[in-house]
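Below is one structure, written out as C-alpha cells, with a few remarks after it.
FYI, it's all coordinate maths here, none of it is from the lab. This is a predicted model, so every value here is computed, not measured. A quick note on method: Cβ atoms are made from the backbone with ideal geometry, for glycine too, and the neighbour counts reach across all protein chains shown.
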Amino acid sequence: MIEFRSVSKRFPDGTLAVDDFSIVIPSRQTTVFVGSSGSGKTTLLRMINRMVDPTAGQVVIDGDDVAKENPVQLRRRIGYVMQNGGLLPHRRIVDNVATVPVLRGVPRGEAREHALELLDTVGLDRSLATKYPRQLSGGQQQRVGVARALAADPNILLMDEPFGAVDPIVRLELQRELKRLQKDLDKTVVFVTHDIDEAFALADQVVIFRTGGIVAQVGTPSEVLGNPADEFVASFIGADRGQRQLHLEPRNPETGQVMVVDASGRPAGLLSDDESRASTGAASPS
Amino acid sequence: MNWLFSNFDMVVELTLNHVRLSIIPIIAGFVIAVPLGRLAATGRAARGVIITSTSLLYTIPSLPLFVILPAIIGTKVLSDTNLIVALSIYAVAIMVRAAADAFSSVSVDVKQASLAMGYSKWQQFWRVEFPLAGPVLLAGMRVVSVSTIALVSVGVLIGSENLGYLFFNGKQRGLLEEVVTGIVASLLIALVFDLVLVLLGRILLPWSRKDRTRRSADSETVSLTVTTGGAA
C-alpha cells in the first residue's frame with residue numbers, strides 16, 4: 001500500500017505542481033493517474049521512488065516514510081517504465097534487462113539468464129537479446145522497458161506514460177499485454193497517462209487530476225463513468241458530449257442485424273441476433 | 001633519396017622522440033579535460049566560466065609560453081618538460097569544449113532512466129554518461145591528436161629534438177628533401193595516431209557503429225562509391 005499524506009510540491013521557480021494531495025493506493029491493483037499535462041501526475045509518480053522529494057507531506061510505502069530511505073536503494077526495489085523506453089543505448093537488450101539485478105549484486109551470468117526468461121514473459125523473441133536498443137522498433141523497446149522494470153521482481157511498478165510514443169495499434173496491444181501480465185504478476189501498479197481511454201482500460205482505480213495537482217475525482221472506472229463528480233470530469237471523460245452514449249439503429253431487416261452507434265453518429269459495432277444478451281464487450285470498438 | 005638514406009637513423013630517432021613528446025600531452029589533455037567538461041555540462045554558468053577560461057589558454061602564443069614556463073614551474077630552460085606542459089595546456093584548451101559538448105549530448109531521458117533504475121551518482125557517471133559521451137569525446141581527441149603532433153615541431157626553437165628540426169635545418173641548408181622528410185614523417189605519425197584512435201573507438205564503443213542488419217543496403221552503396229572514387 002502506498003499512501004500520499006498531504007503532499008505538496010513547490011518547484012524552486014515558485015510553481016506549485018501539487019497542492020495538499022492525499023490518497024491511498026491499494027496493493028496489487030492498478031491505479032491510474034490521468035490528467036492533462038501540467039497536472040502534476042508525473043511529479044507525484046516520481047515522489048514514490050524519490051526522484052522528486054515533496055516540499056510538504058509524506059509518501060509512505062507499507063507504513064515506512066520513503067524520506068527515511070536511501071533513494072538509490074529504494075529505486076532498486078521499485079520498477080520504473082518510462083516513455084520512449086529510456087533504454088541504455090550502449091547496452092545490449094539482455095544487459096538492459098539485467099541492469100537492476102546487476103546493480104543489486106546478482107552475478108552477471110545469472111542476471112542474464114533471468115533476463116532471457118523475462119524476454120519470454122513480455123513476449124519478445126530471445127534472438128533480440130544481443131541487439132542494441134536502436135535496432136528495435138518502438139513497441140519492442142517498450143516491452144524491453146517493462147521487462148527491465150520487472151527484473152528485480154519489485155512489488156511496485158511505476159509507469160510514466162509508457163505507451164505514449166507508440167502508434168495506436170501497438171498501444172492497444174501493449175495495454176492488453178499489461179493487463180495479462182498484471183493478472184499473473186499481481187504488482188502494485190501506478191500508471192500515469194493523459195489518455196482517458198487508456199486509463200479506463202487498465203485501471204482498478206482512476207485518479208483524475210485538474211491542473212495544479214488537484215484531484216477532481218477518484219473511483220473505479222465504472223463509478224467515474226456512471227457518476228462524474230462535476231462538469232470538469234464529465235468533459236474530460238467525454239460524457240458531456242455524449243461520446244460514450246451509445247444507441248441502437250436497425251440496420252438490415254433481412255439478417256436482423258442492429259448497429260450500435262455513438263453520439264457523433266459513428267458506428268461502434270454490430271449486435272448479432274443469435275446472441276440473446278447484448279454485452280457491452282461486443283460493442284466496444286477494437 | 002640520398003639524404004634520407006644517409007640520415008635514416010637520425011630521422012628514426014627524431015620520429016620516436018616526436019611520438020613520445022606528442023603522446024603525453026594528448027593523454028594529459030584527455031584526463032584533465034574530461035572532469036572539467038563534465039563540470040561544464042552541469043549548467044550554463046559553469047559552462048561559461050570553464051569554457052571561456054580554458055579557451056583563453058589557447059590564445060597564448062606558443063613561443064612565449066615555452067619561454068615563460070621554466071620561470072613559472074621551475075624547470076630547466078632546455079628541458080622537454082616545458083614543451084610537454086605547454087602542449088598539455090593547449091590540448092586541454094581544445095578538449096574541454098569537446099568534452100562539455102560530449103557530456104551535454106547524453107540524452108536527458110537516458111539520464112533520468114538510469115536515475116530511476118537506482119544508479120548512484122558515481123555509477124551513473126562511469127557506466128552511463130562517460131561511455132555515452134564516448135563518440136563526441138573521440139572526435140575531440142582526433143583533433144587534439146593532430147594539433148599536438150603539429151605543435152611539437154615548434155619545440156625545436158627551445159631546443160627540443162623532434163621532426164621540427166628537419167624543417168628548420170632543411171630550410172637553413174636549402175635541403176628540400178630534408179624538409180619533405182620532416183613533413184611526411186609528421187603526417188605519418190598523425191595518420192597512425194588517428195588510426196589508433198578510430199580503432200579504439202571501434203573496440204570500446206561497438207554500440208555506436210552503423211547498424212549492419214538494417215542499414216546494410218546503405219553501407220553497400222557507400223562502399224561502392226568509395227571504391228569508384230579510389231579507382232578514379
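The figures follow:
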{"quantity": "Phi to ³J(HN,Hα) by Karplus 6.51 cos²θ - 1.76 cosθ + 1.60 over segment A:167-181, Hz, x for Gly, Pro", "calculated": "6, x, 5, 5, 4, 4, 4, 5, 5, 4, 4, 5, 4, 5, 4"}
{"quantity": "Distance cut-off 38 Å, percentage of C-alpha pairs in the protein assembly as shown lying past it", "calculated": "49"}
{"quantity": "Environment charge of A:L88, counting only residues whose C-beta is closer than 12 Å and scoring Lys/Arg +1, Asp/Glu -1", "calculated": "+3"}
{"quantity": "Fraction of beta bridges assigned by DSSP in the protein assembly as shown that are antiparallel (%, nearest 5)", "calculated": "60"}
{"quantity": "Aspartates and glutamates whose Cα lies under 15 Å from that of A:K187, excluding same-chain neighbours fewer than 8 positions away", "calculated": "A:D62, A:D153, A:E177, A:D204"}
{"quantity": "Percent breakdown of C-alpha pair distances by 5 Å bin, ordered from the shortest bin, for chain B", "calculated": "1, 6, 11, 13, 14, 13, 12, 11, 8, 5, 3, 1, 0, 0"}
{"quantity": "Highest to lowest packing among B:183-189, A:43-49, scored as the average C-beta count within 10 Å", "calculated": "A:43-49, B:183-189"}
{"quantity": "Mean separation of Cα contacts under 8 Å, 6 or more apart, over the residue count of segment B:26-138: relative contact order %", "calculated": "35"}
{"quantity": "Chain A: relative contact order in percent, alpha carbon pairs under 8 Å with at least 6 residues between", "calculated": "20"}
{"quantity": "Segment B:184-195 - phi-based ³J(HN,Hα) in whole Hz, Karplus 6.51/-1.76/1.60, Gly and Pro as x", "calculated": "4, 5, 5, 4, 4, 4, 4, 5, 4, 4, 4, 4"}
{"quantity": "Test item: Cα-centred dipole of segment B:1-209, Lys/Arg +1 and Asp/Glu -1 on Cβ, debye", "calculated": "760"}
{"quantity": "Furthest towards positive pole of dipole, A:L118, A:V102, A:G238, structure part chain A, Cβ charges", "calculated": "A:V102"}
{"quantity": "Acute angle (nearest 10 degrees) that the helix A:108-121 long axis makes with the longest principal axis of chain A, alpha-carbon atoms", "calculated": "0"}
{"quantity": "For chain A, size of Cβ-based charge dipole, Lys and Arg +1, Asp and Glu -1, in debye", "calculated": "1160"}
{"quantity": "Shielding by other protein chains, A:45-54, mean Cβ within 10 Å", "calculated": "1"}
{"quantity": "Value of [θ]222 nm, deg cm²/dmol, for chain A, DSSP H segments ≥ 4, -39500 (n - 2.57) each, nearest 500", "calculated": "-9000 deg cm²/dmol"}
{"quantity": "For segment A:2-241, share of DSSP beta bridges that run antiparallel, in % to the nearest 5", "calculated": "50"}
{"quantity": "Neighbour net charge for A:T211 - beta-carbon separation under 12 angstrom, K R +1, D E -1", "calculated": "+1"}
{"quantity": "Nearest 10 degrees, 0 to 90: helix B:62-73 Cα axis against chain B principal axis", "calculated": "80"}
{"quantity": "Relative packing of B:64-77, A:77-90, which averages over residues the other C-beta atoms within 10 Å, highest first", "calculated": "A:77-90, B:64-77"}
{"quantity": "Aspartates and glutamates with Cα under 19 Å of A:K68, excluding same-chain neighbours fewer than 8 positions away", "calculated": "A:E3, A:D53"}
{"quantity": "Environment charge at B:R20 (Cβ cut-off 13 Å; Lys +1, Arg +1, Asp -1, Glu -1)", "calculated": "-3"}
{"quantity": "P(r), alpha carbons of segment A:2-241 - 5 Å bins starting at zero, rounded %", "calculated": "1, 7, 14, 18, 18, 16, 12, 8, 4, 1, 0, 0"}
{"quantity": "Segment B:62-162: C-alpha gyration tensor shape, a/c 1.5 cut-off, then a/b vs b/c", "calculated": "prolate"}
{"quantity": "Neighbouring partner chain Cβ atoms per residue of A:88-94, average, 10 Å criterion", "calculated": "5"}
{"quantity": "Rel. contact order, % - alpha carbon contacts under 8 angstrom, at least six apart, segment B:1-209", "calculated": "27"}
{"quantity": "Among A:V224, A:F163, A:T55 the positive-end extreme of the charge dipole of chain A (Cβ point charges)", "calculated": "A:T55"}
